1. Confirm whether Asp112 is within 21 Å of Asp13 (Cβ to Cβ) and charged (D, E, K, R).
2. Could you look through segment 34-59, keep only residues that are at pLDDT 95 or above and touching a Phe, Trp or Tyr at 6+ places or on another chain (Cβ under 8 Å), and pick out the one that is surrounded by the fewest Cβ atoms within 10 Å (Cβ to Cβ)?
3. What strands (runs of 3 or more DSSP E), lying completely within segment 97-165, carry at least 1 residues that are exposed (fewer than 12 other Cβ atoms within 10 Å of the Cβ)?
4. Taking the options Thr122, Thr48, Thr67, Thr128, name whichever one is more than 23 Å from Arg163 (Cα to Cα) and out of contact with any strand residue (DSSP E or B) (no Cβ under 8 Å at 6 or more places or on another chain).
5. Looking only at residues in segment 3-33 that are surrounded by 15 or more Cβ atoms within 10 Å (Cβ to Cβ) and part of a loop (DSSP other than H, G, I, E, B), which one is modelled with the lowest pLDDT?
6. Is it the case, given these coordinates, that Leu88 is in contact with a Cys (Cβ under 9 Å, 6 or more places away or on another chain) and either among the basic types (Lys, Arg) or farther than 29 Å from His143 by Cβ (or both)?
7. Being in a strand (DSSP E or B), closer than 22 Å to Phe158 by Cα, touching a residue at least 24 places away in the same chain (Cβ under 8 Å) and under 14 Å from the mean Cα position of the chain (by Cα) is the requirement here; does Ile63 meet it?
8. Please determine, by comparing only the residues of segment 79-123 that are among the β-branched types (Val, Ile, Thr) and more than 12 Å from the chain's Cα centre (by Cα), which one is nearest to Thr38 (Cα to Cα).
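The values are calculated or read from the model by the stated rules, or taken from the named source; none is laboratory data. Being a predicted model, the structure only gives us computed values, none of them experimental. Every residue, glycine among them, receives a Cβ derived from its backbone with ideal geometry; neighbour counts consider all protein chains shown.
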Amino acid sequence: MTTLSIIAAIAEDNAIGKDRQLLWHLPNDMKRFKQLTTGHAIIMGRKTFESLPNGALPNRKNIVLTTLPEAGFVNCFPCESMKDALELCENEEEVFIIGGALVYRQALAKADKMYITRVGATFPDADTFFPVVDWSQWEEVEHQLFPADEKHAYPYSFHTYVRKR
């Protein structure tokens, strides 16, 4: 059975982006993202795909949710619905939802697991936010805390949650 996982970095105010870009640069978060998602399918919205600096992420099955599947997405699979995207992934061990906000919202009720990086800051000019989560449905199974340092402007923490059954 396929595990549906959400992976996101979220500020204290639930902010996740501004102008289709991340609000921070946290190298260890990017390293964790790559480590967790490489070799797996990733599902994202069109705006998230367009924000990727080099197009489709390598060594992953890139699936883009879009109302314009004929738009010519290179090295990825365009799908018009989450249902179609998940059908493309039925033989995958783990599938990652990587954003944006609308795609997270669609996946939240279906997700089995969440890998969340919490960024210890607020971003008043953010324009994109992670959906509200009913945390009573989730159990934290792992977390690690990290202070700000010369490579990371903000303190951050890694959390893994599994849905309570």
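1. no
2. Leu36
3. It comes to 138-146.
4. Thr67
5. Leu22
6. Here the answer is yes, as Leu88 does meet what is asked.
7. It is false that Ile63 is in a strand (DSSP E or B), closer than 22 Å to Phe158 by Cα, touching a residue at least 24 places away in the same chain (Cβ under 8 Å) and under 14 Å from the mean Cα position of the chain (by Cα).
8. Only one residue tops the list, namely Val119.
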